[in-house]
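Structure first, then comments.
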Amino acid sequence: MSKRIFINIVPGKTFLHKLSGKTKVGLFIVCIVYTIMSFDLRLLAPLMFLSLIAIVSLKPDWKVIIVLFIAIFLMNFFNIFLYWVVKPDIGSEWTGGTSTILYSFSSYYFVSLETLWYLLVRLFKMLTSFTVSMAFILSITPSELASGLHGLGVPYKICTVVSLAFRYIPDISRDYENIKVSMQARGVEMDLRKTPILKRLKQTIYILFPLIITSFDRIGNIANALDLRGYGLKKDRTYYAEVEPTLMDKLFRWSTLALFLFCLAWIVSRNIWEPATKMWFPFEV
Amino acid sequence: MKKKSIIELIVGEWNTKTIVAVAIGAALFGVLMVYGGVQVFTNTKLTTAMLIPVIVGALFGPVPALVACGVGNVLADLIGGWGFWFDWSIGNAVLGFFVGLLPVYGARIDEGIFNVKHAVIFAIIAVLANALAFGVITPIFTVLFYGGELTITFMQSLTGGASNVLVLTLLGIPLLFLLAKRYGGSKNLTKE
């Protein structure tokens with residue numbers, strides 16, 4: 001768990017790190033809208049490609065990233081498999097009603113081309129959303145997140161909530177490890193392979209309650225530290241991470257705006273005028 | 001102590017302490033949603049994250065619990081890698097609001113007041129709020145944001161709602177008694 005959660009506290013040196021917070025947050029939000037709005041492989045593939053390039057350009061710790069990718073892929077694969085178990089003909093209502101059966105186990109369980117296509121596009125969509133999130137997490141710091149959200153018009157107290165929560169995630173994993181180790185020192189078996197599932201659930205609670213209570217006990221300290229620095233005295237505030245937009249920032253903001261207008265046009269023309277349950281299907285008969 | 005009006009109880013005091021509590025609640029909610037659960041159905045977990053709105057609600061009120069759940073779910077989507085499902089974030093936020101109603105019906109955890117009557121009301125609200133949040137609100141937003149897919153959404157609602165009720169009653173109520181004892185013990189001074 002501790003290896004999986006990582007965020008930047010100090011801004012990095014690569015091209016994407018140097019963009020301002022507002023640019024990154026805006027682009028990220030528009031990209032998420034873009035991934036959600038359609039089940040069209042022709043739209044998703046370029047974004048997947050671009051976000052992979054972004055991840056490579058951010059020079060991450062590859063060992064962690066690859067393990068994470070495999071875990072996320074397996075989890076999503078299991079999810080779409082459950083979709084198939086529940087509704088083997090789920091694809092046909094998205095692709096236009098036909099169902100070309102490739103292989104059938106029984107009259108209810110069959111593999112059709114449409115379902116296969118739908119589930120693969122769905123998996124691709126989840127993975128695209130993940131790579132976009134990954135690029136965002138790797139490129140941003142908590143202060144940039146707060147200043148970016150504030151630049152987009154979110155009230156600053158909500159910005160503080162979001163950035164503080166984002167910043168606190170690694171601390172939780174550190175606390176979790178500490179509590180786990182101290183439980184083991186008291187003789188509680190925490191090895192996943194050596195304990196049956198019900199006992200493991202009970203032991204999760206032994207970690208969980210101290211974790212929740214220590215976290216909530218820390219509220220006083222953090223709140224005092226913020227108060228002592230004059231937090232919340234005025235109606236509004238500025239951010240240290242808020243910088244004048246550079247030429248690159250301006251370029252990215254214009255492209256974000258263009259992408260946003262494209263999303264808006266797509267949503268109005270494809271999702272509102274026509275029924276939304278339609279997807280691009282190349283093997284249509 | 002000054003008696004608070006019902007609106008003050010619902011909105012909560014948005015001072016620095018509340019903001020920090022909501023932030024930490026959101027972070028815990030996000031992490032527990034990703035790592036602190038057992039998968040029961042596609043994208044649905046028996047998750048211990050549901051304990052967070054109980055605590056935030058008990059100590060700070062329903063609107064802070066709502067914000068903690070909403071932000072926490074978006075963070076969980078961000079680090080979880082299963083895609084962004086804002087319909088569920090809204091459903092969880094609504095659920096957080098109802099679970100966090102504790103101070104409104106008189107359970108004052110920070111003063112050590114929590115008895116069997118409050119526990120019963122809490123359990124009833126947990127069942128009703130799950131039905132409302134995942135049976136009505138999430139499907140509405142599923143249709144609005146993602147179009148269709150209602151069969152699977154309802155199955156997710158049913159399994160997710162049932163596991164939430166289990167966590168809220170079986171773990172939430174003991175936790176509330178524990179917290180009430182903890183806070184009540186340290187504040188037994190009376191004004192002369």
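The values are calculated or read from the model by the stated rules, or taken from the named source; none is laboratory data. The structure presented is a predicted model; accordingly, all values stated were derived computationally and were not measured. Because the Cβ atoms are built from the backbone with ideal geometry, glycine has one as well, and the counts that use them run over all protein chains shown. The area values use the complete protein model at the heavy-atom level, side chains included, leaving out ligands, DNA and RNA. Shrake-Rupley method; radii C 1.70, N 1.55, O 1.52, S 1.80 Å.
Observations on the structure shown:
- Pair list, Cβ under 6 Å, 6 or more apart: segment B:10-38 residue in contact (Cβ under 8 Å) with a residue 60 or more places away in the chain, other residue assigned to a helix (DSSP H, G or I) and surrounded by fewer than 24 Cβ atoms within 10 Å (Cβ to Cβ): B:Ile10/B:Pro62
- Applying the criterion of being in a helix (DSSP H, G or I) and open to solvent by 80 Å² or more (accessible area, probe 1.4 Å) to the residues of segment A:228-256, the residue that is farthest from the other protein chains (Cβ to nearest Cβ) is A:Leu247.
- Residue in segment A:142-149 that is open to solvent by 10 Å² or more (accessible area, probe 1.4 Å), at pLDDT below 90 and part of a helix (DSSP H, G or I) present: no
- Scan of segment B:35-74 for residues that are at pLDDT 85 or above and open to solvent by 10 Å² or more (accessible area, probe 1.4 Å), ordered by number: B:Leu59, B:Phe60, B:Val63, B:Leu66, B:Val67, B:Gly70, B:Val71, B:Val74
- Segment A:76-105 residues that are of a type in the set (Val, Ile, Thr), paired with ones that are buried (at least 18 other Cβ atoms within 10 Å of the Cβ) and assigned to a loop (DSSP other than H, G, I, E, B) (beta carbon under 7 Å, 6 or more apart): A:Thr95/A:Met279; A:Thr95/A:Phe281
- Scanning segment A:89-103 for residues that are among the acidic types (Asp, Glu) and not in a loop (DSSP other than H, G, I, E, B) gives a single hit, A:Glu93.
- Per the listing B:Val136, B:Val120, B:Val99, B:Val94, the residue uniquely under 16 Å from B:Ala58 (Cα atoms) and free of Cβ contacts under 8 Å to residues at least 24 places away in the same chain is B:Val120.
A quick yes/no check of all residues on (1) modelled with pLDDT of 85 or more; (2) touching a helix residue (DSSP H, G or I) at 6+ places or on another chain (Cβ under 9 Å); (3) closer than 30 Å to A:Tyr240 by Cβ:
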position	(1), (2), (3)
A:Leu19	yes, yes, yes
A:Cys31	yes, yes, yes
A:Thr35	yes, yes, no
A:Leu43	yes, yes, no
A:Phe78	yes, no, no
A:Ile90	no, yes, no
A:Ile101	no, yes, no
A:Ser107	no, no, no
A:Leu120	yes, yes, no
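- First in segment A:60-71 and away from every other protein chain (no Cβ under 12 Å), second anywhere and surrounded by 12 or more Cβ atoms within 10 Å (Cβ to Cβ) and in a helix (DSSP H, G or I), Cβ under 6 Å, 6 or more apart: A:Pro60/A:Leu138
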